[in-house]
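Shown next, in structure tokens, is the structure this report addresses.
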Amino acid sequence: MERAGTPSSPLDDLFQIDPQLPAYNQKNDIFNRAMWDDSIDPKDFFVSYDITNYKPKKAKGFNHWDYALRNASWHLTDVVGEMKLESEGRVEGFTDYYSIQTPGPPKPANLPDQQLTTQRIKQVARFLGAGSVGICAIDHRWVYSHHFNRKSGKAQELDFPAALKYAIVLILPMDYQLGKTFPSALSGTTTGLGYANSLNCANMLAQFITNLGYEAVASLNDTALSIPMAIEAGLGEYGRHGLLITPEFGPNVRIAKVFTDLPLEVDQVKEFGVKAFCEICQKCANACPPRAISKEAPSSEAPNFSSFSGIKKWTVNAEKCFQFWVKMNTDCAICIRVCPYNKDYSKWWNRVGIKLANSPLRRFMLWLDNTLGFGKRMKPQDWWVKSGSA
Ligand code: SF4
Ligand code: SF4
């Protein structure tokens with residue numbers, strides 16, 4: 001497996017990355033640890049995604065209708081992702097990249113110049129559902145050393161095709177209104193829908209590039225870390241809550257990737273003021289029920305081995321975070337709901353707000369955000385009523 005050719009990256013300076021940083025073994029991802037590490041007990045968490053076994057709760061947002069919708073939103077992602085689970089142990093999109101592309105033509109298409117090719121690829125990505133799209137050269141530090149086989153329960157060395165030089169990084173916005181009900185089984189629907197849109201967009205784009213006669217591999221959470229690639233592709237900045245913050249949709253997004261050998265122009269890292277704002281804002285850390293988000297300055301030491309040490313950043317304690325998800329039987333994302341960057345940017349006043357957040361008036365913007373009550377939870381039952389009557 002080739003790991004040479006890692007390009008120099010502005011991330012080295014931004015995050016003071018240890019030059020000896022080892023590649024990530026996906027066996028240590030908290031969801032995979034739940035399969036082999038006795039200290040991580042998933043209880044009924046995964047089971048609740050199977051409607052024949054879910055257990056409704058008395059709390060609002062966790063009844064039969066809520067689980068029915070959440071699980072339906074995951075349906076296609078699960079069916080496609082687990083097509084080869086029994087035969088090969090693959091969970092495509094989560095532990096393995098997608099292998100559903102049909103073969104390309106015998107000869108590649110004529111390409112216009114690199115700039116126009118890049119422009120067309122981005123145009124198609126947006127047409128296929130991406131809210132924003134960027135391109136980076138593949139930095140092999142973010143490619144997993146091993147992926148996890150959920151059938152054998154073992155880590156396997158990842159054989160990343162050496163010919164793939166570029167990552168097309170796709171941002172798929174999640175639903176802002178439904179996200180106001182985080183956390184609930186109902187709000188897990190916006191996560192499921194985000195994954196379904198990611199599956200759709202990344203696989204159609206990979207098939208388009210394959211049809212042009214080039215190699216392309218669609219990927220969601222598998223194969224490589226999405227956040228550093230998205231930052232390298234100029235799509236956003238890193239927040240205290242350990243998530244990508246985009247200028248167009250805040251942190252309320254999913255990230256997908258297409259790896260390709262199609263020659264493309266790469267984007268530049270773009271900073272727009274998130275780090276300075278996170279330094280004065282601790283809304284996510286204060287709102288996180290299990291206190292999994294650091295209130296301290298960025299550190300190179302990870303809280304546990306599910307995360308990287310050797311990168312100076314805020315790192316969420318994945319063990320505490322997942323334990324809370326297990327307690328609720330759904331994903332949480334309170335940190336997304338309360339983040340002042342989580343706004344409906346189709347409204348002009350929110351676009352003004354983000355300009356304030358990224359200016360010396362950031363403390364005023366934070367005060368305004370608190371005073372106006374942004375980030376408060378909407379009752380899940382109100383979503384059913386409001387959406388139905390809209
Ligand atoms: S998802 Fe919930 S538990 Fe996890 S870090 Fe965010 S607020 Fe905390
Ligand atoms: S809630 Fe505040 S501190 Fe947390 S990521 Fe958002 S802006 Fe940064």
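Give me the residue from the range 190-205 that is more than 21 Å from A224 (Cβ to Cβ) and within 16 Å of ligand 1 (Cβ to nearest atom) and, out of that set, surrounded by the most Cβ atoms within 10 Å (Cβ to Cβ). Here the residue is T190.
Filter the range 77-102 for residues that are in a helix (DSSP H, G or I) and either more than 18 Å from the chain's Cα centre (by Cα) or polar (S, T, N, Q) (or both); which is nearest to A196 (Cα to Cα)? Before you say what the answer is, go through the steps one by one.
Keep residues of the range 77-102 that are in a helix (DSSP H, G or I), which gives 77-81, 85-88.
If we keep only those that are either more than 18 Å from the chain's Cα centre (by Cα) or polar (S, T, N, Q) (or both) as well, we get 77, 79-80, 85-88.
Details: T77: 5, V79: 11, V80: 10, L85: 18, E86: 22, S87: 23, E88: 22 Å.
If we take residues in the range 77-102 being in a helix (DSSP H, G or I) and either more than 18 Å from the chain's Cα centre (by Cα) or polar (S, T, N, Q) (or both), then T77 is nearest to A196 (Cα to Cα).
For the range 241-261, taking the residues that are in contact with a Ser or Thr (Cβ under 7 Å, 6 or more places away or on another chain) and assigned to a loop (DSSP other than H, G, I, E, B), the one that is surrounded by the fewest Cβ atoms within 10 Å (Cβ to Cβ) is identified as E248.
Does R3 fit the bill of being modelled with pLDDT under 95 and either out of contact with any Lys or Arg (no Cβ under 6 Å at 6 or more places or on another chain) or outside any helix (DSSP H, G or I) (or both)? When the stated conditions are applied, R3 passes them. Put simply, of F208, F182 the only residue that is of a type in the set (F, W, Y), buried (at least 23 other Cβ atoms within 10 Å of the Cβ) and farther than 16 Å from T77 by Cα is F182. Meeting the requirement of 2 or more residues that are charged (D, E, K, R) and either at pLDDT 95 or above or in contact with a strand residue (DSSP E or B) (Cβ under 9 Å, 6 or more places away or on another chain) (or both), the strands (runs of 3 or more DSSP E) wholly within the range 121-208 are 154-157.
Within the range 369-390, the set of residues being in contact with a helix residue (DSSP H, G or I) (Cβ under 7 Å, 6 or more places away or on another chain), under 20 Å from A287 (Cα atoms) and part of a helix (DSSP H, G or I) comprises P380 only. Any residue at all in the range 103-112 that is closer than 16 Å to V217 by Cβ and more than 26 Å from the chain's Cα centre (by Cα)? Yes, some residue in the range 103-112 is closer than 16 Å to V217 by Cβ and more than 26 Å from the chain's Cα centre (by Cα). The residue pairs whose first member lies in the range 44-71 and is in contact (Cβ under 8 Å) with a residue 40 or more places away in the chain and of a type in the set (A, V, I, L, M, F, W, C), whose second member is surrounded by fewer than 19 Cβ atoms within 10 Å (Cβ to Cβ) and assigned to a helix (DSSP H, G or I), and whose beta carbons are closer than 6 Å, counting only pairs six or more residues apart or on different chains, are F45/V326. Among residues belonging to the range 309-346 that are aliphatic (A, V, I, L, M) and touching a residue at least 60 places away in the same chain (Cβ under 8 Å), point out the one that is farthest from ligand 1 (Cβ to nearest atom). Here the residue is I311.
In the range 318-363, the residue that is surrounded by the fewest Cβ atoms within 10 Å (Cβ to Cβ) out of those that are more than 16 Å from ligand 2 (Cβ to nearest atom) and among the hydroxyl-bearing types (S, T, Y) is S346. Filtering the range 43-62 to residues that are within 25 Å of L178 (Cα to Cα), surrounded by fewer than 18 Cβ atoms within 10 Å (Cβ to Cβ) and of a type outside the set (V, I, T) leaves D44, F46, D50, N53, K55, P56, K57, K58, A59, K60.
All conditions in (1) over 15 Å from S184 (Cβ atoms); (2) loosely packed, with under 14 Cβ neighbours inside 10 Å hold for L76, with the sole exception of (2).
The values are calculated or read from the model by the stated rules, or taken from the named source; none is laboratory data. The structure presented is a predicted model; accordingly, all values stated were derived computationally and were not measured. When we count neighbours, we look across all protein chains shown, and the Cβ atoms used for this are built from the backbone with ideal geometry, even at glycine.
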